[in-house]
Amino acid sequence: MSNDEDYESLYSPSHWSKRLDKDVIVKNHIEFISYYSEEILKVVPANQDINYGNGNKQVYNIIGTDLPSDSPILFVVHGGYWQAPEITNRNMGFLSKTLYNHKIKVVPIDYDQCPDVTIEEVNKEVEVALSTVLDYAITNKSRGVHLLGHSVGANMLACLFNRFINALPTEKQKMIKNVFLVCGIYDLTLLPLTTINEALRLTEATARELSPQFMILSSPSHIKMHVIVVENDAPPFVDQGKNFHGKLEKINIETAYHFIEDEDHFSVLEKLIDNDFVLTRIIMSNVN
């Protein structure tokens, strides 16, 4: 392989699973999360596609609208390298399969995608979405809002701690309790060497600027980060998760590092429909 092909494979989590071939794993993942998300909506009351902004994709769902008003909320940001139209707020509802029975509302969001918008603009959308959901949580006297981001969704959540979180009113800051960063990418500097960047249009400079690993981060002391890394992910994702946890430790942000064996970038999310899965238990033990 050429160097460019090396980078292409390195930054493609589908190439590193031991369960399925790279040509089918993403398709299977989309089918899995879509099926279980549709099944959930047959039995769990929900409000869908609530606008937080003007764009068609600036929407979120509230799944579990019949739960007590003070129920904790899991705010979910999906991945897809800022450009996968197949993953939306509509097929992240599968997370309610386990969480609903524990009286946790699931609030997945969607956002506009590259190249229609820039990553900077997506980050702004996530800020607006979170602020909107925090307003909802405060109005309903929720016991807390917990954030979960998968893949680049974890990147987006990490970016919130550059300036946004500490600029929030104290009441909103206090509402945020835990941040679950699942299989995140925190250093974007090599993405310009891949075809992934055709939609992202990152330069060497902007790739570094948008990398949480190189940002000045800060957090209210009560918020706890959980950095989740899986064994069979793309090597940069594994390395970057460990490095990002180390960065958080150095700057005195409370952080826990969770290394999950045998799972891959996609199975770790899919298995959240299982009460006994290790990541489900981690979430349950912290969200209350």
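No value in this document is a laboratory result; all are computed from the given coordinates. Keep in mind that this is a model prediction, so the values were computed, not measured. Quick reminder, even Gly has a Cβ in these numbers, built from the backbone with ideal geometry, and neighbours come from all protein chains shown.
Legend: P(r) of segment 77-160 from all alpha carbon pair distances, 5 Å bins from 0, whole percents, reading 3, 13, 24, 25, 19, 10, 5, 1. Each Lys and Arg Cβ is given +1 and each Asp and Glu Cβ -1; about its Cα centre, the chain then shows a dipole of about 1260 debye. Let me check I've understood the local charge: for T118, count other residues with C-beta under 12 angstrom from its C-beta, Lys and Arg +1, Asp and Glu -1. What total comes out? Net charge around T118: -4.
Run down the lysines and flag those whose C-alpha is under 27 Å from the C-alpha of K177, throwing out any fewer than 8 positions away in its chain. Cross-link targets: K57, K97, K103, K105, K124, K141, K224, K242, K247, K250, K271. Evaluated at q = 0.08, 0.12, 0.16 Å⁻¹, a Debye calculation over the C-alpha positions of the chain (equal weights, vacuum) places log10 I(q)/I(0) at -0.30, -0.70, -1.37. Look at the dipole of the chain built from charges on Cβ: of Y7, N162, Q173, the Cα furthest out on the positive end belongs to Q173. Taking G144, G93, G55 in turn, the Gaussian network model of the chain (Cα-Cα springs below 10 Å) assigns the largest fluctuation to G55.
Counting Lys and Arg as +1 and Asp and Glu as -1 over every other residue whose Cβ lies under 13 Å from the Cβ of F277, the net charge comes to -3. Between N89, N47, N123, the residue with the greatest mean-square fluctuation in the GNM of the chain (Cα pairs under 10 Å linked by springs) is N47. Name the shape class, rounded, prolate or oblate, that the alpha-carbon gyration tensor gives for segment 150-288, where a ≥ b ≥ c are the square roots of its eigenvalues, rounded holds for a/c under 1.5, and otherwise prolate holds if a/b is larger than b/c and oblate otherwise. Taking the square roots of the gyration eigenvalues as a ≥ b ≥ c, segment 150-288 is oblate. Placing +1 on the Cβ of every Lys and Arg and -1 on the Cβ of every Asp and Glu, with nothing else charged, gives segment 12-162 a dipole about its Cα centre of roughly 600 debye.
Dividing the summed helix terms, -39500 (n - 2.57) for each DSSP H run of n ≥ 4, by the number of residues in the chain produces a 222 nm estimate of -10500 deg cm²/dmol to the nearest 500. Dividing the radius of gyration of the alpha carbons in segment 38-183 by their Kirkwood radius gives 0.93 for Rg/Rh.
When the distances between all Cα atoms of segment 97-212 are binned every 10 Å from zero, what whole-number percent does each bin get? In order of increasing distance, the bins hold 12, 42, 30, 13, 2 percent. Per-peptide packing, taken as the mean over residues of other Cβ atoms within 10 Å, places 160-172, 254-266 in the sequence 254-266, 160-172 from highest down. The H on the amide N of G80, modeled in the peptide plane, is under 5 Å from the matching H of V152, G153, each at least 5 residues off or on a different chain. Long hydrophobic helices in the chain: the complete DSSP H runs spanning 27 Å or more by Cα along their own axis with mean Kyte-Doolittle hydropathy of at least -0.5 are 25-43, 119-139.
Altogether, the Stokes-Einstein calculation at 20 °C and 1.002 mPa s, with the Kirkwood radius of segment 120-161 over Cα pairs as Rh, returns a diffusion coefficient of 195 µm²/s. Could you bin all the Cα-Cα distances of segment 157-233 into 5 Å bins starting at 0 and give me the percent of pairs in each, rounded to whole numbers? All Cα pairs, binned at 5 Å, distribute as 3, 14, 20, 20, 17, 14, 8, 4, 0 percent. The simple spin-label model puts a point 7 Å past each Cα toward its Cβ; for S218 and E86 those points are separated by 4.2 nm.
Rounded, prolate or oblate: which fits segment 32-71 when a ≥ b ≥ c are the square roots of the eigenvalues of the alpha-carbon gyration tensor, with rounded for a/c under 1.5 and prolate only if a/b beats b/c?
Note, shape of segment 32-71 comes out oblate.
Relative contact order of the chain, taken over Cα pairs closer than 8 Å and 6 or more residues apart, is 19 percent.
Its alpha carbons considered, segment 13-98 gives a radius of gyration followed by a Dmax of 14.6, 44 Å. Annotation: the residues I176, I73, sorted from fewest to most other C-beta atoms within 10 Å of their own C-beta, follow the order I176, I73. Within a Cβ distance under 13 Å of D21, other residues only, what is the Lys/Arg minus Asp/Glu net charge? Taking every other residue near D21 into account, the sum is +2.
When a/c is below 1.5 the answer is rounded, else prolate if a/b is larger than b/c, else oblate, so apply that to segment 227-288 with a ≥ b ≥ c taken from the square roots of the Cα gyration tensor eigenvalues. Since a/c reaches 1.5 but b/c is at least a/b, the shape of segment 227-288 is classed as oblate.
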